[in-house]
Amino acid sequence: MDADELLAYKVSARDSAQSEMLERFPHFLDHPIVVTEINEAAIDSYETWLNDEFDFGFERVIGWKRRPAHAKAIDIAVWCGDLLAGLCWASPQDSPNKILVLYLQRNPDDTLPTRGYIAPICLTAVRNYALLLDLKWVVIQDPNPDAREAYFREQFHQVPGIGLAYDLTNDYAALDEEVDDHER
């Protein structure tokens, strides 16, 4: 898979997540929510969060994106107007069957209308991307205990030998059922 194809998959996964979010949560039609890659503007905004209890070091992402070892990783920035609402970094790390969500963080400003929605938006983008890569699992690496409930709401389950994971084969089964329904 070449760099252009991976870039197209990342863009498609982010765009699909944004569209799905508006379908799933129509009240966001009143807010300018945009899902992009992590760029310098996102890092500048993120650095205003650094008094937050958690610092995942997202400023490193700009450098990581240039490394061949991270070519298959996806980076996600969620914006609410001109405010950065959340960030995510996920990578298959050479796994043939899973992508690991390594970092996922929301803006600590509890007044943003995106509070409670960053995990669903980012995880949707990661799931979409993983499906394009023909992976089987989305796995949360070292989940924050306070955030586990958000993952459970997104249909993640503790899977022995895998971890806190979402089984993408269920998505394939749903797609197969849709095809079967349309063929009848």
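Readers should treat all values here as calculations from the given coordinates under stated rules, not as data from a laboratory. Small disclaimer: the values here were computed from a predicted structure and weren't measured. Reconstructed Cβ throughout: ideal geometry from the backbone, glycine too, with neighbour counts over all protein chains shown.
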Return, in residue-number order, each cysteine of the chain whose C-beta is not under 4.7 Å from any other cysteine's C-beta. Cys80
Evaluate 2.2 N^0.38 Å with N set to the residue count of the chain, then give the Cα radius of gyration divided by it. 1.01
In terms of the charge dipole of the chain, which places +1 on Lys and Arg and -1 on Asp and Glu at the beta carbon, the residue among Ala71, Val35, Pro108 farthest towards the positive end is Ala71
Ranked by Cβ crowding within 10 angstrom, fewest neighbours first, how are Leu87, Leu7, Leu135 ordered? Leu7, Leu135, Leu87
Using the count of nearby Cβ atoms within 10 Å as a rough guide to exposure, how do Phe25, Phe58 rank from fewest to most? Phe25, Phe58
Indicate, rounded to the nearest 5 percent, the antiparallel portion of the DSSP beta bridges found entirely in the stretch 3-177. 85 percent
Would you list the membrane-span-like helices of the chain, meaning whole DSSP H runs whose alpha-carbon atoms span at least 27 Å along their axis and whose mean Kyte-Doolittle value is at least -1.0? 3-24
Do the sum for the chain: with -39,500 (n - 2.57) for every DSSP H run of n ≥ 4, divided by all residues, what is the mean residue ellipticity at 222 nm, to the nearest 500 deg cm²/dmol? -11500 deg cm²/dmol
Checking the a/c ratio against 1.5 first, then a/b against b/c, what shape does the Cα gyration tensor give for the stretch 1-79? oblate
